[in-house]
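The values are calculated or read from the model by the stated rules, or taken from the named source; none is laboratory data. Just so it is clear, the structure is predicted and the values come from calculations on it, not from any experiment. Here the Cβ positions follow ideal geometry from the backbone for every residue, glycine too, while neighbour counts run over all protein chains shown.
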Amino acid sequence: MATRLKEIDAVVIGMGWAGGIMARELTLAGLNVVGLERGPDHRPAQDFAMPGIRDELKYQQRLELMGDNSIDTITFRNQPAQMALPIRRWSAFLPGEGVGGTGNHWGGSHWRFQPDDFRLRTYLQTRYGAKSVPDTMAIQDWPVGYDELEPYYDRFDKVCGVSGKAGNLKGRKIAGGNVFEGPRASEYPNRPMPHSEGGAIFAAAAKNLGYHPFPVPFSAASAPYKNIYGVAMGACQECGFCTRTACEASAKASSVTTIMPALRQEPKFELRTRVFVSRLVYDKAARRVTGVLYTDLKTGQEYEQPANIVVLSAFVFSNTHMLLHSGIGTPYDHATGTGLVGKNYCYQFEAPAAAFFPDKELNPYMGSPGGGVVIDDFNNASFDHAGLGFFGGGYIIASSGGSPPINGRSVPEGTPAWGSQWKRETVKWYYHSVHFNTQGSVYGHRDNYMDLDPTYKDALGRPLLRLTYNGTDNDHAMSRYLLSRVENVIKAMGPAHYEMRPRPKNFTIVPYQSTHNAGGTIMGSDPGNSVVNRYLQSWDAHNLFVMGASTFPQQHGYNPTGTLGALALWSADKIKNSYLKNPGPLVHA
Amino acid sequence: MADDTIPRRDFLTGAGAAGAGAAALTAGVPAAKAAESANAPAETWLVLTADEVAFFSAIADTMIPADALSPSGSECGVPVFIDRQLASAWGAGAKMYRAGPFHPGLPEQGYQLPLTPRDYFAAGVEATNAWTRKTYGKSFDRLSPDQRAEALTAMEAGKAAFENFDSRAFFQRLLAITMEGFFSDPIYGGNRGKASWRMLGFPGLPATYAGKIEEYRGKRYVAEPQSIADFS
């Protein structure tokens, strides 16, 4: 029997990016907030300290910061006719665990979606014809526009101390920045990181071809920075260990480095770690959530935490799972195409390439992801899709940093994987390879969704979430096109050898590809097309707010975190300015 | 099979000796170096059996032969690394979902066995040795360098017909853990003397390159490699 605790103003489930933002904003509004986190706390001064943080085996191979599959995982299959089997250890994607969540170990690519991404269906139908979007493609307009979200994008830049160069300041296009981005109210808080040498060669070749190269916006401070919460961030050290690892300089933005230092001083905030939330307590008749049930992993005791406001801000899978398990909303039914919780699961369609330059010294272990150079000429609204046979697109990047010795050795295809020749080739090429990536969009499809698994259970005895996903013909065509564009640039760079690495036909849960998962609790204009409204408020429980990329109607050709953070700030603002004064539905259906 | 009856403990005085012997067979390591290894104190193994030490040493020396670029895999401590990894929480299956029911599944669904890494490698060593005994009449570690290379090539291509074990999948796991041992920080028992980091030109720690990107643009950065242990 659960012990019932004293009611609190707001409870936040999951203390990653969105949870950290909501806890900070709601305490600033005067609410008493409890943050529930399944994993451990992370304090950079001791947990992410030198020299131990520079450990490729521990962080990049053994996945120290990732979620514990032994207590909770998902099952996976490519098609509805197959039996889904559990992901026994994370690989294709790597959700994090503990305070900071996946934000601790991300690579810091900090993007905004294009204005036309937010009106995707309308944009495509206007430009390419009313019947241009096939019935199987489940895309929809966002219920919020770029212009409405811009102030929150701007604010999130200033939470994170993002380093970059604007390409569109209030409508004025600026060469050297991203001229395809929507208008920005202000320049990035920090100057861009220096280009990697590979990025510089890429930039020159791309410019010659008429493209528009610019430094990737990087969610780390290129110089010491104090953010809008008064938290001090250090300067990026260009260590080359960024992705899958946390930052010893507190330069890379995460809720741990940009928000928690302020929240730890906040008397209205209480953090409870190692607590596993099992269910939201739903009063269907009142259309409210009365609180949450959780098990304290340190005592084994079950608690009910009543709350006036519940913020569900776990990873995409856990958000969707929690609603399904709590009986909130109508589960998506693949057979009939009805129901909404679990609908529009979207991955990110990344496909890489590599090129080899025996005469260039590239110091591959040196530098940050922020040294990467991008062209955005082949994202959704950047180019004409007439006659191409697909919709969508993505940015193309010459990557930087992050080639430590276990994982970062690159040799031309066909090189033996072991033995003397392997060794000679490994040494020959280590300093001389450049890597590229294409950050492709994924548009919803009726066959790609999440529901509850009929067989496998988590450590609390709940059915696991089941993911049914495969790449669609549209997304494969988009990805091949992006690779053909980057191939042109690579050729112009004059490598001794290069290779394109197209995606396999079937999505596989090994090896690592991208942690950018989206959908399942999508936002929309009415309860008939979405799980949450434009303020991320549940249509089925007005005091429940669902945060994160699970609310994206589809995945666009950019990393999701910039939009995820902006949405959390936008939602928090509405809660503060409207909901607290008059609790109830913020959008009337 | 007669040679397999020789007691392992007599045959092995530790991975260093086994590795040195194997390396001398393959690439003619300088005699002084081999003697130095032979005189090194015997390793104390946490979980590996003598058969397994011999197996992983032979694998390491075949995948990473001694040559002008580096000492052999076993001289670099790869078997010690594997022993410690398999004895670690990771080796015991920490953070791994191990509930049934179990099905082989499709390749797209990834690893589906209940075996922990420690159990998986134990089964793989047995399966490999059973297959080499059938094919060559000897356990893997007793094969000649050419036979070892041939056996690994067959496993890599999925042409080694193991009984009830996936030889290609096992090869990939063997390759991964051997390379981890060769390239990881020496604090884990492999990469002795930072041999692989010297070979690559990887400087290790502290990896604070702010300001060095421009300074070393187009120029090779050279530094004596340093381990976590050098800062501890």
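A few comments on the model shown:
- The set of residues in region B:165-188 being farther than 15 Å from residue A:417 by Cβ and surrounded by fewer than 20 Cβ atoms within 10 Å (Cβ to Cβ) consists of B:165, B:166, B:187.
- Flag for residue B:151 being surrounded by 15 or more Cβ atoms within 10 Å (Cβ to Cβ), more than 10 Å from chain A (Cβ to nearest Cβ), assigned to a helix (DSSP H, G or I) and not aromatic (Phe, Trp, Tyr): yes
- Qualifying residue in region A:35-47 (condition: crowded, with 22+ Cβ neighbours inside 10 Å and charged (D, E, K, R)): yes
- If you go through region B:66-100 and keep only what is in contact (Cβ under 8 Å) with a residue 60 or more places away in the chain and either farther than 28 Å from residue A:422 by Cα or within 10 Å of chain A (Cβ to nearest Cβ) (or both), you end up with B:69, B:70, B:73, B:81, B:85.
- Residues that are modelled with pLDDT of 95 or more number at least 1 in the following helices (runs of 4 or more DSSP H) confined to region B:16-117: B:50-63, B:78-87.
- Options A:378, A:383, A:357: the member that is buried (at least 23 other Cβ atoms within 10 Å of the Cβ) and either free of Cβ contacts under 8 Å to residues at least 24 places away in the same chain or closer than 27 Å to residue A:197 by Cβ (or both): A:378
- In the set A:440, A:471, A:461, A:392, only one residue is at positive phi and either of a type in the set (A, V, I, L, M) or in contact (Cβ under 8 Å) with a residue 40 or more places away in the chain (or both); that residue is A:392.
- Among the candidates A:186, A:196, A:255, A:163, residue that is within 14 Å of chain B (Cβ to nearest Cβ) and either more than 21 Å from residue A:489 (Cβ to Cβ) or touching a strand residue (DSSP E or B) at 6+ places or on another chain (Cβ under 6 Å) (or both): A:163
- Single match in A:399, A:420, A:403, A:441 (criterion: small (Gly, Ala, Ser) and touching a Phe, Trp or Tyr at 6+ places or on another chain (Cβ under 6 Å)): A:403
- The combined condition, being farther than 25 Å from residue A:247 by Cβ, more than 8 Å from chain A (Cβ to nearest Cβ), assigned to a loop (DSSP other than H, G, I, E, B) and among the aromatic types (Phe, Trp, Tyr), is fulfilled by residue B:162.
- Pairing residues of region A:128-144 that are at positive phi with residues that are of a type in the set (A, V, I, L, M, F, W, C) and at pLDDT below 95, at Cβ distances under 7 Å and at least 6 apart in sequence or on separate chains, gives no pairs at all.
- From A:30, A:96, A:14, residue being of a type in the set (Gly, Ala, Ser), over 26 Å from residue A:278 (Cβ atoms) and touching a residue at least 40 places away in the same chain (Cβ under 8 Å): A:30
- Filter result for the condition that a residue is more than 29 Å from residue A:505 (Cα to Cα) and surrounded by 23 or more Cβ atoms within 10 Å (Cβ to Cβ), over A:399, A:403, A:368: A:368
- Number of residues in region B:192-210 that are more than 8 Å from every other protein chain (Cβ to nearest Cβ) and over 26 Å from the mean Cα position of the chain (by Cα): the value is 0.
- Test: residue in region B:117-133 that is of a type in the set (Val, Ile, Thr) and within 12 Å of another protein chain (Cβ to nearest Cβ): no
- Among the residues listed as A:295, A:258, A:243, A:290, the single one being in contact with a Phe, Trp or Tyr (Cβ under 8 Å, 6 or more places away or on another chain), without any contact (Cβ under 8 Å) to a residue 60 or more places away in the chain and surrounded by 17 or more Cβ atoms within 10 Å (Cβ to Cβ): A:290
- The listed residue being more than 11 Å from chain B (Cβ to nearest Cβ) and of a type in the set (S, T, N, Q), out of A:363, A:379: A:379
- If the condition is being surrounded by 17 or more Cβ atoms within 10 Å (Cβ to Cβ) and part of a loop (DSSP other than H, G, I, E, B), then region A:1-17 contributes A:14, A:15, A:16.
- When each of A:515, A:508 is tested for being within 14 Å of chain B (Cβ to nearest Cβ) and β-branched (Val, Ile, Thr), the lone residue that passes is A:508.
- For region A:159-173, the tally of residues that are among the charged types (D, E, K, R), surrounded by 15 or more Cβ atoms within 10 Å (Cβ to Cβ) and over 17 Å from residue A:221 (Cβ atoms) stands at 1.
- Region A:427-438 - residue that is more than 7 Å from chain B (Cβ to nearest Cβ) and part of a helix (DSSP H, G or I) and, of those, farthest from the chain's Cα centre (by Cα): A:428
- Within region A:90-137, if we keep just the residues that are farther than 19 Å from residue A:257 by Cβ, away from chain B (no Cβ under 14 Å) and of a type in the set (S, T, N, Q), the residue that is nearest to the chain's Cα centre (by Cα) turns out to be A:114.
- Residue count, region A:18-76 (criterion: within 14 Å of chain B (Cβ to nearest Cβ), part of a helix (DSSP H, G or I) and under 19 Å from residue A:100 (Cβ atoms)): 3
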